[in-house]
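The values are calculated or read from the model by the stated rules, or taken from the named source; none is laboratory data. Bear in mind the structure is a predicted one, so any value in this text is a computation, not a measurement. Glycine also receives a Cβ, built like all others from the backbone with ideal geometry; neighbour counts cover every protein chain displayed.
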Amino acid sequence: MTKTQQYIDANRDRFLAELLDFLRIPSISADPAYADSVRQTAVWVADHLRKAGADEVRLEETAGFPIVYGEKMVDPNAPTVLVYGHYDVQPADPLELWDNPPFEPVIKDGLIFARGACDDKGQVFMHVKAFEAILASGELACNVKFMIEGEEEVGSDNLGLFVESHKELLKADVILISDTAIIANDTPSIDVGLRGLSYMEVAVQGPNRDLHSGVYGGAVANPINILCQMIASLHDEFNHITIPGFYDGVLDVSASDRAAMAQTPFDLDAYQKDLGIQAVHGEKGYSTIERASIRPTLDVNGIWGGYTGEGAKTVLPSMAYAKISMRLVPNQKSDEITKLFTEHFLSIAPKGVKVTVKAHHGGEAYLMPTDSIAFQAASDALATTFGKQPVPTRGGGSIPIVALFEKELGVKSILMGFGLDTDAIHSPNEHYGLFNFYKGIETIPHFFANYKELSK
């Protein structure tokens, strides 16, 4: 891949400048106020795919935001790799916690600070630029298809429908995704597992209007108090989730696999220091790495109600709300967990309040076999550019569409991401390392070459 590397080296500055332009577009899929910007981003991605050399580039319209599709078919006998990513980003709130405006990227200490820098614009753009470099150098070994969506951050509902109805268009031998992280810049890794997801919203209604807390306090149920009590009851003293049936069928990880996970480089003190915490927290009997990867969780993602403005207002609120996510592991089905949560949460509501439960989106857990040629191709590619073999790990996050790809297209996905857990994705001051951006561009061509060779 000498010619490809030479092309990358000669165009590093341009690649970075283009990425910064990409990051300036506020493609927040969750907020209707940014709908025009999200569509603008789709057009931008399509334009850059064309410039990179892809054919048949087009916007595939959906009921929501468009999917960017493109392809380069070089040899009918060569394997086909489908590259998936997303151009939408999380909301930037709270804005006051950003050191710079989230859509005005800055580079500081070798890091690009901007919303979407790591998740997933920076990683998507690695593939576009790696593809450009391979084509320009005449070293493309595989057929390549691109499917870049704009609704990953809101559940990918329309992508699921698109995949189901375009199986022939998306036919491939493997799916390549960069939306995950490595352990460290000196310790490459490949995610071989993802957790599933069930995302809920709950509401507790008390009186038919806000009340004076002095006149009515102590005599009428306070929805915020009740909601807090209900949420607190969802974990026991061992941080074990108390929903009946929640752990039924949970895949137990073998002692040997847990022992292998324990060999993953992990500095607990550095972890706590980075997060500004004095101690870790979680389910009894499991390590921090295990809690964040192989065990299911339940977390409150937002809670609100009553008066939250400046000063004091002695009000007993009529309503209280919370958003709750559950990360799931293999053998847990998101629709079953959603049903169990709903039934349980309604059952623990005391008299005096009305509780409603709304399901948002969900997805299934995923496992990638480490004896596949796709894993070997990725492992060898990372070993080439990092100088050491990558560590197989299990990610704590969710990419719900990955399980759907396997179900509908019948192919596995290789999760070859280049971010770091410290990149603050979904948080203020999200960032992505220049090292990681360029290392991804350098590594991806080796995956294609390796996959072609191993497929013979």
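Some observations on this one:
- Selection from the stretch 125-158 of residues that are surrounded by 23 or more Cβ atoms within 10 Å (Cβ to Cβ) and either aromatic (Phe, Trp, Tyr) or at pLDDT below 95 (or both): Phe125, Phe131, Phe146, Glu152, Ser156
- Test: residue in the stretch 167-178 that is touching a Ser or Thr at 6+ places or on another chain (Cβ under 8 Å), outside any helix (DSSP H, G or I), among the small types (Gly, Ala, Ser) and farther than 25 Å from Gly396 by Cβ: yes
- Among the criteria (1) under 25 Å from Leu382 (Cα atoms); (2) of a type in the set (Ser, Thr, Tyr); (3) without any contact (Cβ under 8 Å) to a residue 40 or more places away in the chain, the one Thr80 does not fulfil is (3).
- Positions within the stretch 319-353 being buried (at least 17 other Cβ atoms within 10 Å of the Cβ) and part of a loop (DSSP other than H, G, I, E, B), in sequence order: Val329, Pro330, Gln332, Ala349, Val353
- Residues located in the stretch 309-331, provided they are more than 25 Å from Val154 (Cβ to Cβ) and either in contact with a helix residue (DSSP H, G or I) (Cβ under 8 Å, 6 or more places away or on another chain) or not hydrophobic (A, V, I, L, M, F, W, C) (or both): Gly309, Glu310, Gly311, Lys313, Thr314, Val315, Leu316, Pro317, Ser318, Asn331
- Total residues in the stretch 271-327 satisfying the condition of being more than 18 Å from the chain's Cα centre (by Cα) and not assigned by TED's automatic domain parsing to the domain that holds Asn222: the figure is 19.
- Yes/no for Gly397 being at pLDDT 95 or above and of a type in the set (Gly, Ala, Ser): no
- Just one of (1) in contact (Cβ under 8 Å) with a residue 12 or more places away in the chain; (2) closer than 21 Å to Thr180 by Cβ; (3) not β-branched (Val, Ile, Thr) fails for Asn239. It is (2).
- Any hit, the stretch 246-257, residues being in the same structural domain as Asn301 (by TED's automatic domain parsing) and part of a helix (DSSP H, G or I): no
- Restricting Thr356, Thr393 to those that are part of a strand (DSSP E or B) and surrounded by 19 or more Cβ atoms within 10 Å (Cβ to Cβ) reduces the list to Thr393.
- Residue selected from the stretch 173-189 under the condition under 14 Å from Phe405 (Cβ atoms) and surrounded by 22 or more Cβ atoms within 10 Å (Cβ to Cβ), by the criterion farthest from the chain's Cα centre (by Cα): Val174
- Qualifying position, being outside the structural domain of Ile190 (by TED's automatic domain parsing), over 21 Å from Met200 (Cα atoms) and modelled with pLDDT under 95, among Phe266, Phe238: Phe266
- Residue in the stretch 414-426 that is within 23 Å of the chain's Cα centre (by Cα), in a helix (DSSP H, G or I), among the aromatic types (Phe, Trp, Tyr) and assigned by TED's automatic domain parsing to the domain that holds Val81 present: no
- Among the residues of the stretch 24-57, the one identified as of a type in the set (Lys, Arg) and closer than 22 Å to Gly155 by Cα is Arg39.
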